[in-house]
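Encoded as structure tokens, the structure appears first; notes follow it.
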Amino acid sequence: MPGRAPPREAPKARGAWLWVCALGWLCALGTAGSPGTPRPCQAPQQWEGRQVLYQQSSGHNSRALLSYDGPNQRVRVLDERKALIPCKRLFEYILLYKDGVMFQIEQATKECSKIPLTIAWDPLDIPDNSTFEDQYSIGGPQEQITVQEWSNRKSARTYETWIGVYTAKDCYPVQETFIQNFSVVLSTRFFDVQLGIKDPSVFTPPSTCQTAQPEKMSEDCAW
């Protein structure tokens, strides 16, 4: 269940959570922008954290641990089990954009699929031509954080198809939302973000991937 959303450039997608697009969940939404103040901040280049991904197509929320390595263009997503879901398979995804390949590893059996990545790397950040929408505080008295909201809305277009929320001080990702036909189709929340990659070996596929199958595995039990 990789975790970012589709690219943000109209008419094709730019790159908010490309790994979602890489898995075939959603692509080609839309980036845009108009000049303004403040300017987009620079998001961290290497970090680890957690995410909750909502997909309209399934109506479900999926949780995962996330390792993001911008300079080396690679992402690792590890499904989390927070409740017993009957017949639900948990996977690890390793996306290596420089090599043009994604590995899907079932956590229980280490069975592995090796799937070509057909889209270019696009970092998790605020595109330079984004439109500043708002700045506000999340939380309440004595416990709040200031965030900025950006979108790909253009002056000649009334509605946006991408909204990104980032912290104002250090530019940590908070939430990205994608909209299509006036409905939210994908929304990702990020939290527990820590700078750096604690163990770079998480981007190394297990030995079972030496004999990987070429087809993506189903997330449901094969009964």
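In this structure, is Y136 part of a strand (DSSP E or B), in contact with a helix residue (DSSP H, G or I) (Cβ under 8 Å, 6 or more places away or on another chain) and modelled with pLDDT of 90 or more?
On the way: part of a strand (DSSP E or B): yes; in contact with a helix residue (DSSP H, G or I) (Cβ under 8 Å, 6 or more places away or on another chain): no; modelled with pLDDT of 90 or more: yes.
For Y136, the condition - part of a strand (DSSP E or B), in contact with a helix residue (DSSP H, G or I) (Cβ under 8 Å, 6 or more places away or on another chain) and modelled with pLDDT of 90 or more - is not met.
Are there any pairs with C-beta distances below 7 angstrom linking a residue in the range 56-69 that is closer than 16 Å to L95 by Cβ to a residue that is open to solvent by 10 Å² or more (accessible area, probe 1.4 Å) and among the β-branched types (V, I, T), with the two at least 6 apart or on different chains, and if so which?
So the pair list comes out as S67/I197; S67/V202; D69/I197.
Among the residues of the range 107-122, which ones are open to solvent by less than 20 Å² (accessible area, probe 1.4 Å) and outside any loop (DSSP other than H, G, I, E, B)?
C112, S113
So which of D99, D125 ends up being more than 16 Å from the chain's Cα centre (by Cα), at pLDDT 90 or above and either hydroxyl-bearing (S, T, Y) or not in a strand (DSSP E or B) (or both)?
Working: D125 fails: more than 16 Å from the chain's Cα centre (by Cα).
Checking each option against the conditions leaves just D99.
Collect the residues in the range 180-216 that are among the aromatic types (F, W, Y) and surrounded by 12 or more Cβ atoms within 10 Å (Cβ to Cβ), keeping them in residue-number order. Before the answer, list the steps.
So the first thing to find is which residues in the range 180-216 are among the aromatic types (F, W, Y), and the list is 182, 190-191, 203.
If the condition is that a residue be among the aromatic types (F, W, Y) and surrounded by 12 or more Cβ atoms within 10 Å (Cβ to Cβ), then F190, F191, F203 are the ones that fit.
Within the range 43-91, take every residue that is part of a strand (DSSP E or B) and modelled with pLDDT under 80 and give me the one that is surrounded by the fewest Cβ atoms within 10 Å (Cβ to Cβ). Before you say what the answer is, go through the steps one by one.
Step one: filter the range 43-91 for residues part of a strand (DSSP E or B), giving 46-55, 60-69, 74-79, 88, 91.
Now restrict to residues that are modelled with pLDDT under 80: 60, 88.
On the way: H60: 12, K88: 14.
Of everything passing the filter in the range 43-91, H60 is surrounded by the fewest Cβ atoms within 10 Å (Cβ to Cβ).
Of all the residues that make up the range 135-179, how many are surrounded by 15 or more Cβ atoms within 10 Å (Cβ to Cβ) and not polar (S, T, N, Q)? Lay out the reasoning, then the answer.
Narrowing the range 135-179 to residues surrounded by 15 or more Cβ atoms within 10 Å (Cβ to Cβ): 147-154, 160-168, 171-179.
Those still in the list that are not polar (S, T, N, Q) too: 147, 149-150, 153-154, 160, 162-166, 168, 171-174, 176, 178-179.
Going through the range 135-179 one residue at a time, the tally reaches 19.
Do you know which of the residues in the range 123-134 that are surrounded by 13 or more Cβ atoms within 10 Å (Cβ to Cβ) and not hydrophobic (A, V, I, L, M, F, W, C) is farthest from P205 (Cα to Cα)?
At the first step, the residues of the range 123-134 found to be surrounded by 13 or more Cβ atoms within 10 Å (Cβ to Cβ) are 123-127, 129-133.
Subset that is not hydrophobic (A, V, I, L, M, F, W, C): 123, 125, 127, 129-131, 133.
On the way: P123: 22, D125: 26, P127: 31, N129: 36, S130: 35, T131: 39, E133: 40 Å.
Residue satisfying both the conditions and the ranking: E133.
Could you check the range 94-135 and list, in sequence order, the residues that are out of contact with any Gly (no Cβ under 7 Å at 6 or more places or on another chain) and among the β-branched types (V, I, T)?
I94, V101, I105, T109, I115, T118, I119
The values are calculated or read from the model by the stated rules, or taken from the named source; none is laboratory data. The shown structure was predicted, so the numbers you read here are calculated from the model rather than taken from an experiment. For neighbour counting, all protein chains shown are included, and Cβ atoms are generated from backbone atoms with ideal geometry for every residue, glycine included. Ligands, DNA and RNA are excluded from the accessible area calculation, which covers all protein heavy atoms including side chains. Shrake-Rupley method; radii C 1.70, N 1.55, O 1.52, S 1.80 Å.
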